[in-house]
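Comments concern the structure below.
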Amino acid sequence: MSHVLAAVAWPYANGPRHIGHVSGFGVPSDVFARYMRMAGHDVLMVSGTDEHGTPIQVQADAEGLKPRELADRYNRVIVEDLHGLGLSYDLFTRTTTGNHYAVVQELFEGMYRNGYIVPKTTMGAISPSTGRTLPDRYIEGTCPICGYDSARGDQCDNCGNQLDPIDLINPRSKINGEAPEFVETEHFFLDLPALADVLRQWLDTREGWRPNVLRFSKNLLDDLHPRAITRDLEWGVPIPLDGWRERTDKRIYVWFDAVIGYLSASIEWARRTGDPEAWRKWWSTDGEGKDSQAYYFMGKDNIVFHSVIWPALLAGYSGEGDRGGEPGRLGRLNLPTEVVSSEFLTMEGRKFSSSRRVVIYVRDFLQRYDADALRYFIAVAGPENNDTDFTWAEFLRRNNDELVAGWGNLVNRSVSMAAKNFGEIPPIDPAGLTEADEALLAVARAGFATVGDLIARHRQKQAIGEAMKVVAEANKYLSEQAPWKLKDAADKPRMGTILHVALQVVSDANTLLTPFLPHSAQKIHELLGGTGVHAPMPVIEEVADLDAGPAYPVLTGDYTQGTRWESVPLVVGRPLAAPKPVFRKLDPSIVDEELARLES
Ligand SMILES: [Zn+2]
């Protein structure tokens, strides 16, 4: 057993999340965490909403709200959506907590002391008519990279590149249209070149990463520059240095604070369990966290933050770059074991776009369909290694032909035949098992090693494919053995044996599919006469801020009770009830209905 950190990308709290967001990292990280727990590892799965930065401030301004009020709204929406998907976070929190502020400032100070954060004079914008600093969000102009004519001072929403106001072509103030004046101002920079060697050594020792992710990460090291980590904006974590702490016009930049969330959420989780040092088991390079593993899940647009910036912060804080230094009070911290990045999901051949209504939000999806139907689609057809298209026709086909006609049918006919003819788990005939019986049981048992190994290596498409092969073999077995033809009393022992074998394989396949389909796995466990928690589920709790801020909802749970990753022999004589269908067959008309919604 070892300690395994599942660190999941932080959704930005400026709106509800769509299924593209959750298919890249939300569901895959949950599949991984569930499997690792079932296999006996001590898993800590953390994330939260990312709530600082210009876009939230701009949107709050537009709605006449404070940024925190806007973040409150979408933090709650996102927590509820992730809960609906059954994502088993130990803690899903947010970046506006007192705890997060303190951890971000601790990392900033430690890096500053070690010389990896340096002040630098740069050009900042002021309004010529008032002489006051113009925050980044109030400056607009043409993007120097893609030519988009409404790029903001900090970012181009068209090409996604980060900008500085001075880079903009024809910059203008959004307040009064005047051209800003650029004057010297001081900001803090992360000295990435001083950390390039330690990053390269770390990347050179990585094994088993998706090849494109490793290649991309190594290429990033060839062109490292100091990177500004403070901005001219009011909404963010204050800079924890004398002379800066009280300033309201300069804040730590949102991407710097958000990546530190993995650590701050782990610390918050530990504080809430009553053992405030427990987080060290997943993080400390020395002592108890030495053998822990840390897996980071995200979309490919976020690789740079996880394979360059975050490890650079961890190494700089630990005093491991070219300038040396001493670790801060949190000690030396572990670098990621693996950065697990997915590709993008598109929708009916187009990029997801909320403004163009090429979108389906998680909430709307879950109102009309079951969470496991989406989880199944993501597992078999998600953007694991390639950009992948979500189409309603394909969703319908996967649901009806595979989930319902394959897995659902196997469960349904095995359990109903056994319930009708025996009312309980039937015994195996003293005459023993046939070769066909033994062969099927062996296929199911072998699935534990194969499927488990594939999930541990982030090959989830192949993993669920192997689990569904067990299902297909069992359906074939039932068709060949045709227990429904064994109607004579003399044949009943053989009928019982076939159904016993089929139910055992249903039980095994159900365990193999539990990380992917936890909601239905619990129901199937109960159909087989099982009691108690088979697949633990997250809960939403309203909690007080640990450092005197306002209360907020978190996603958390007790995941110690679930089933283990092993074949559990069925208990002969355990009562069976007549089954209810576990999966819903969808009417083909949903395809046109959903397409009409997209177009409207
Ligand atoms: Zn652009």
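Structure values in brief
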{"item": "Most to least packed among 174-182, 466-474, 334-342 [average Cβ atoms within 10 Å]", "result": "334-342, 466-474, 174-182"}
{"item": "Computed over the range 27-102, Kirkwood Rh from alpha-carbon pairs, angstrom", "result": "14.0 Å"}
{"item": "Computed lengthening from Asp42 to Arg494, 0.36 nm per intervening residue step minus Cα-Cα distance", "result": "158.4 nm"}
{"item": "Gap separating the Cα centres of the range 186-261 and the range 102-164, nearest whole Å", "result": "13 Å"}
{"item": "Thr511 - accessible surface, heavy atoms, 1.4 Å probe, Å² rounded to 10", "result": "10 Å²"}
{"item": "R0 of 35 Å, Cβ-Cβ distance Ser479-Asp364: FRET efficiency to nearest 0.05", "result": "0.35"}
{"item": "Cα gyration tensor shape of the range 217-303, rounded if a/c is under 1.5, else prolate or oblate by comparing a/b with b/c", "result": "oblate"}
{"item": "Computed [θ] at 222 nm, helices only, for the chain once each DSSP H run of length n ≥ 4 contributes -39500 (n - 2.57)", "result": "-12000 deg cm²/dmol"}
{"item": "Protein accessible area in the chain, 1.4 Å probe - carbon and sulfur %", "result": "50 percent"}
{"item": "Cα convex hull of the chain - mean projected area over all directions, nm²", "result": "29.0 nm²"}
{"item": "Value in Å of the Kirkwood radius, where the range 458-600 supplies the Cα pairs that are averaged", "result": "18.9 Å"}
{"item": "Under the Karplus curve 6.51 cos²θ - 1.76 cosθ + 1.60, θ = phi - 60°, whole-Hz ³J(HN,Hα) for the range 106-122, x wherever Gly or Pro sits", "result": "4, 5, 4, 5, x, 5, 5, 4, 7, x, 9, 10, 10, x, 8, 7, 9"}
{"item": "Rg to Rh quotient for the range 293-356, alpha carbon positions, Kirkwood Rh", "result": "1.20"}
{"item": "Taking the convex hull of Cα positions in the range 266-423, its mean projected area over all directions (nm²)", "result": "15.9 nm²"}
{"item": "Evaluated at q = 0.24 Å⁻¹: base-10 log I(q)/I(0), Debye formula over Cα of the range 157-235", "result": "-1.24"}
{"item": "For the range 1-133: relative contact order, % (alpha-carbon pairs under 8 angstrom, 6 or more apart)", "result": "27 percent"}
{"item": "Orientation-averaged projected area, Cα convex hull of the range 147-193 (nm²)", "result": "4.5 nm²"}
{"item": "In sequence order, calculated HN-Hα J values of the range 473-480 (Karplus, 6.51, -1.76, 1.60; Hz; x Gly/Pro)", "result": "4, 5, 5, 5, 4, 4, 4, 6"}
{"item": "Between the range 502-568 and the range 362-403, the Cα center-to-center distance that results, in Å", "result": "21 Å"}
{"item": "Average accessible surface area per residue within the chain, 1.4 Å rolling probe, Å²", "result": "40 Å²"}
{"item": "Radius, Kirkwood style, for the range 27-181 when every pair of distinct Cα atoms is counted (Å)", "result": "18.8 Å"}
{"item": "Amide N proximity, the range 5-43 versus Glu80 label position 7 Å along Cα-to-Cβ, cut-off under 17 Å", "result": "13-19"}
{"item": "Over 16 Å [Cα-Cα, the range 106-223], rounded percent", "result": "70 percent"}
{"item": "Listed peptides 321-332, 262-273 by packing density, highest first (mean Cβ within 10 Å)", "result": "262-273, 321-332"}
{"item": "Separation between Cα centres of the range 337-355 and the range 435-462, rounded to whole Å", "result": "29 Å"}
{"item": "Fraction of beta bridges assigned by DSSP in the chain that are antiparallel (%, nearest 5)", "result": "60 percent"}
{"item": "Where N is the number of residues in the range 336-403, Cα Rg divided by 2.2 N^0.38 Å", "result": "1.19"}
{"item": "Under 17 Å from the Cα of Lys300 - lysines, other chains or at least 8 residues apart", "result": "Lys218, Lys351"}
{"item": "Rounded to the nearest 20 debye, dipole of the range 357-400 from Cβ charges on Lys, Arg, Asp, Glu", "result": "180 debye"}
{"item": "Within straight-line cross-link reach of Lys476, lysines at Cα separation under 27 Å, skipping those fewer than 8 residues along the same chain", "result": "Lys420, Lys461, Lys485, Lys487, Lys492, Lys523, Lys580, Lys585"}
{"item": "Charge dipole magnitude, Cβ of K and R +1, D and E -1 - the chain, Cα centre, debye nearest 20", "result": "1180 debye"}
{"item": "Relative packing of peptides 398-407, 211-220 - highest average C-beta neighbours within 10 Å first", "result": "398-407, 211-220"}
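The values are calculated or read from the model by the stated rules, or taken from the named source; none is laboratory data. Bear in mind that the values here come from a model prediction, so they are computed numbers and not experimental data. Heads up, the Cβs are rebuilt from the backbone with ideal geometry, glycines too, and the neighbour counts pull from every protein chain shown. For the accessible areas, the whole protein counts, side chains as well, though only heavy atoms, and no ligand, DNA or RNA atoms are used. Shrake-Rupley method; radii C 1.70, N 1.55, O 1.52, S 1.80 Å.
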